[in-house]
Amino acid sequence: MEKQNESMRDRLLARLPQPENLAAYQEETTALLAKHEKAMFWEKWGNTVLSLCVVGLFLFSFSTWVSKLGSAETNYIRFVAGFMWVGVMIDGLKVYNYRNQVSLLKEVKEVQLQILELQASLQKDGNQ
């Protein structure tokens, strides 16, 4: 078990960016965060559209056209709308969780970039 932890530790440390590659890493981080921001926008937009559709279906169940169908059919449409509303709320939780993950990733990347900048400045001072 200890040997496996050591190999995983070595693999993780090998993936850390080096201060020499600071500019490339900043560009890579900016691109990654922009990609996540764009994906987050579309996730939220999709959830909003689904919410509006469910509300429309629920309001449609109160229309005079549906009331001509009978109470059983009307109740079925309302049940479907309620069931879909639960699904939309679960999707909303997914969007909320994704937004928090992106926020945490952004904070971690900012700290990592600050550490790299400090390491680069220390290496410059050490070389002079």
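Assorted remarks:
- Ser61 touching a residue at least 12 places away in the same chain (Cβ under 8 Å) and polar (S, T, N, Q): yes
- Within this structure, Leu57 fails the test of being within 30 Å of Asp125 (Cβ to Cβ), among the hydrophobic types (A, V, I, L, M, F, W, C) and surrounded by 12 or more Cβ atoms within 10 Å (Cβ to Cβ).
- Residues of the stretch 50-100 classified as within 30 Å of Leu33 (Cβ to Cβ) and either more than 26 Å from the chain's Cα centre (by Cα) or of a type in the set (A, V, I, L, M) (or both), total: 7
To keep it simple, each residue is scored yes or no on (1) touching a Ser or Thr at 6+ places or on another chain (Cβ under 8 Å); (2) among the polar types (S, T, N, Q); (3) surrounded by fewer than 13 Cβ atoms within 10 Å (Cβ to Cβ).
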| site | (1), (2), (3) |
| --- | --- |
| Pro17 | no, no, no |
| Ser67 | yes, yes, yes |
| Gly70 | no, no, yes |
| Asn75 | no, yes, yes |
| Leu93 | no, no, yes |
| Leu113 | yes, no, no |
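- Exclusive hit being modelled with pLDDT under 95, outside any helix (DSSP H, G or I) and over 30 Å from Asn100 (Cβ atoms), set Phe79, Phe62: Phe62
The values are calculated or read from the model by the stated rules, or taken from the named source; none is laboratory data. As the structure is a prediction and not an experimental result, all values here were calculated from the model. FYI the Cβ positions are ideal-geometry reconstructions off the backbone, even for glycines, and counts take in every protein chain you see.
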